[in-house]
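In what follows, a single structure is set out as structure tokens and then discussed.
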Amino acid sequence: MMKSILTYLLLLVGLTSIASEGSTNLDDANTAYEAKNYKLAIETYEALIAEGNVSADIYYNYGNAQYRSGDLGLSIWGYESALQLDPDHEDALFNLEFVNAQTTDHISTSRQGIRHWLGSMFFTESINFWAYFSIGSSILLSLTILLFLRSQRGRKRSLLLLASAGFSLFLIGGIIIGYSHHNRIHNQDQAIVISDLVDVKMSPMDDAKPSFSLGAGAKVDLLSSQDKATAGWVEIEMNGNQGWVEIGSVKAF
């Protein structure tokens with residue numbers, strides 16, 4: 001019995017020590033930031049994150065330190081990571097918008113294929129847009145069916161039948177696109193470009209032809225996870241444009 005109590009007390013002391021150390025590291029990071037020693041603050045925040053001591057505020061402070069040190073890409077990564085934990089973090093939302101306004105154009109496309117055209121056409125709109133589009137199509141479809149059933153004239157019935165078919169296609173298309181858009185956002189990892197300028201290659205090779213370019217701070221979808229990268233390359237997508245970048249040029253969140 002006494003041995004069990006001693007073991008419990010030792011564990012309690014150990015956990016208290018770990019918690020105290022984590023708090024001290026956070027205090028050290030905040031103190032370094034307030035002293036404008038941003039390099040030390042960044043290193044300490046990164047150590048906390050690596051140890052799993054994460055919170056929206058830690059990511060937010062990390063983003064601030066990176067911004068003060070002049071790294072827009074990693075500052076955006078910090079704010080995006082904070083918003084993953086707390087989507088209503090007002091300071092992170094404000095700073096993210098502020099820093100995004102300072103970045104250069106995120107994408108410069110050297111080729112415009114059908115994939116890019118389709119992505120630009122369908123996936124630049126929000127999920128809510130396609131939800132409202134589908135609801136509107138269903139209402140119009142219901143009205144045309146009702147009018148078709150009540151109509152007696154042959155030509156009018158034919159026009160209403162064609163309209164019903166059209167609204168049916170709109171409804172089905174809106175549902176499919178909205179569902180696909182939802183999966184693109186929620187079932188894929190995302191990353192931030194942290195290099196100043198990245199050439200996105202058509203294949204995962206150094207001598208491959210560039211497909212388009214991205215600037216620091218651009219948010220991309222990861223089509224292949226960073227832990228399953230192909231010989232140091234990871235496949236990404238942005239606004240319907242796909243390609244390969246070196247794994248160190250992006251940071252997932």
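The values are calculated or read from the model by the stated rules, or taken from the named source; none is laboratory data. Nothing here was measured: the structure is a model prediction, and the numbers come from that model. Every residue, glycine among them, receives a Cβ derived from its backbone with ideal geometry; neighbour counts consider all protein chains shown.
Filtering the stretch 75-105 to residues that are aliphatic (A, V, I, L, M) and over 14 Å from the mean Cα position of the chain (by Cα) leaves A92, V99, A101. Looking across the stretch 144-154, the residues that are in a helix (DSSP H, G or I) and surrounded by 14 or more Cβ atoms within 10 Å (Cβ to Cβ) come down to T144, I145, L147, F148.
Looking across F123, F170, F133, one residue alone is closer than 30 Å to G243 by Cα and either at pLDDT 90 or above or crowded, with 17+ Cβ neighbours inside 10 Å (or both). It is F123.
Of the set (1) more than 28 Å from E97 (Cα to Cα); (2) modelled with pLDDT of 85 or more, all apply to A216 but (1). Could you list all residues from the stretch 29-66 that are assigned to a loop (DSSP other than H, G, I, E, B), within 24 Å of the chain's Cα centre (by Cα) and not small (G, A, S)? Scanning the stretch 29-66 gives E51, N53, V54. On inspection, L74 qualifies as modelled with pLDDT of 90 or more, in a helix (DSSP H, G or I) and assigned by TED's automatic domain parsing to the domain that holds L26.
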